[in-house]
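Only one structure is covered here, and it is reproduced in the block below.
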């Protein structure tokens with residue numbers, strides 16, 4: 001093996017002398033970062049010191065993950081080592097291999113090198129730490145270099161908030177944050193100013209369930225999907241959540257919270273990070289909904305079409321449907337903070353919204369005349385979004401009442417993880433029976449069981465559709481005439497865990513077959 005110049009991330013090359021110190025960098029789409037990082041950690045080749053950061057001059061907006069692997073340059077160019085290949089095979093990274101590329105990077109060794117690093121965050125951090133007195137640093141028994149090395153390079157900015165991952169902090173930083181917040185106030189202030197932000201916080205994943213000892217104890221399954229592990233570092237994110245403010249916030253509570261924004265695919269979204277989750281990894285799926293051929297097919301009619309989102313959140317996918325051209329989107333959302341974010345986001349995009357609380361809607365067993373009066377009172381509205389701030393278990397009776405007064409419902413979105421199955425029957429009943437439509441069901445699926453799951457999903461939706469259309473009682477000769485449900489496409493959104501992928505099943509429910517005389 002001979003050493004040659006090795007390409008770097010920005011297209012330049014390292015000198016042969018530098019190759020001894022160069023390390024492999026993996027360039028990965030944001031959606032796959034978590035899965036690749038876990039795989040590298042399993043093999044003990046993830047460089048915790050230099051971590052994860054945005055790629056330089058990368059128009060695909062990929063992330064760079066630094067490894068501890070030395071770069072190997074073969075006669076005919078760079079090749080992954082046996083260890084890398086084993087990593088790809090053992091942890092199912094072969095599924096996303098076409099989206100991964102490799103480069104090289106030389107870790108900085110001198111202070112000057114660190115100051116000139118690719119990370120504006122680390123540059124600001126070093127400047128802030130150097131502003132502390134020697135007495136302060138000596139009292140802490142820490143050096144500037146050690147603190148810079150133990151700080152995460154990855155970050156997200158959701159104006160005006162700078163959000164840091166908590167899982168890459170060194171033990172020194174964990175201790176500092178817990179025991180010396182007054183010392184760090186000046187550090188955070190300098191970083192926030194340098195990064196053009198006003199607030200900073202540490203972020204942790206949204207838990208699937210909540211501790212019975214927390215303020216979220218009444219929501220043990222975290223149905224409202226609230227972030228319970230976000231730690232403010234600088235600036236006030238709002239009053240500490242209580243069971244009362246989480247479940248029944250007032251307008252004063254909304255006003256006291258910090259609201260942040262981001263723009264994805266040209267669409268603005270807004271949320272209060274202390275009370276509401278945000279999943280940036282869904283950006284690819286949001287873009288797909290914007291340009292989905294079946295969505296275009298639905299809206300290119302005289303009557304137009306309506307979409308239903310049974311797990312709307314802050315408008316993750318609802319906004320994409322409206323931007324794509326749906327006349328109206330009907331949303332169901334339980335979390336009042338998400339409902340407020342949905343309304344704020346709609347306004348920022350120039351859309352209108354109307355919120356219905358349980359008190360605004362008749363009871364399920366109310367008389368038909370009461371439902372008719374309610375329908376006549378709302379159907380004249382021209383809002384872009386009708387937001388039902390209640391359980392989506394109410395969708396059946398509400399949609400049945402509105403069905404003849406709305407353009408046909410052609411798309412239903414089911415965006416809840418890990419499963420949205422309790423809402424599948426409602427989704428089938430919501431679609432216009434005459435024209436048919438599509439259900440977009442999100443699920444977590446093992447990468448090795450995809451074919452089995454597709455068959456299962458098709459079978460279950462076929463059974464529900466047959467029951468809904470009264471086709472479950474037809475004879476054998478008529479069975480061939482039943483509408484055939486089909487999973488048209490399976491979109492792999494992102495890796496959820498090792499060997500588990502977040503997918504969307506695009507399930508097509510065909511139009512009713514009309515016989516002569518009908």
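Only the coordinates and a few stated rules stand behind these numbers; no lab work does. On a predicted model such as this, the values are computed, not experimentally measured, just so you know. Methodologically, a virtual Cβ is constructed for each residue, glycine included, from the backbone with ideal geometry; neighbour enumeration extends over all protein chains shown.
Legend: calculated FRET efficiency, residue 364 to residue 156, from the Cβ-Cβ distance at R0 = 45 Å, rounded to 0.05, equals 0.60. Paramagnetic label reach from residue 303 (point 7 Å along Cα→Cβ; backbone nitrogen cut-off under 18 Å): within the range 389-417, residues 399-412. In terms of its C-alpha gyration tensor, the range 224-376 comes out oblate, because a/c is 1.5 or above while a/b does not outweigh b/c. Multiplying the residue separation of residue 284 and residue 240 by 0.36 nm and removing their Cα-Cα distance gives an extension gain of 12.6 nm.
Spin-label model, residue 467/residue 421: points 7 Å from Cα along the beta carbon direction are separated by 1.3 nm. One chain, two ends: residue 179 and residue 256. Fully extended at 0.36 nm per residue, the span grows by 25.0 nm beyond their Cα-Cα distance. Taking 7 Å steps out from each Cα toward its Cβ at residue 484 and residue 296 produces label points 2.6 nm apart. The length gained by stretching the chain between residue 448 and residue 102 to full extension, at 0.36 nm per residue less their Cα-Cα distance, is 122.0 nm. Counting beta carbons within 10 Å around each of 343, 236, 397 and listing the fewest first gives the order 236, 397, 343. The protection proxy used here, the mean number of other Cβ atoms lying within 10 Å of each residue, ranks peptides 23-32, 416-425, 177-186, 354-363 as follows, highest first: 23-32, 416-425, 354-363, 177-186. Could you tell me which of rounded, prolate or oblate describes the range 389-441, using a ≥ b ≥ c as the square roots of the eigenvalues of the alpha-carbon gyration tensor, with rounded for a/c under 1.5 and, failing that, prolate when a/b is larger than b/c and oblate otherwise? Oblate, because a/c is 1.5 or more while a/b does not exceed b/c.
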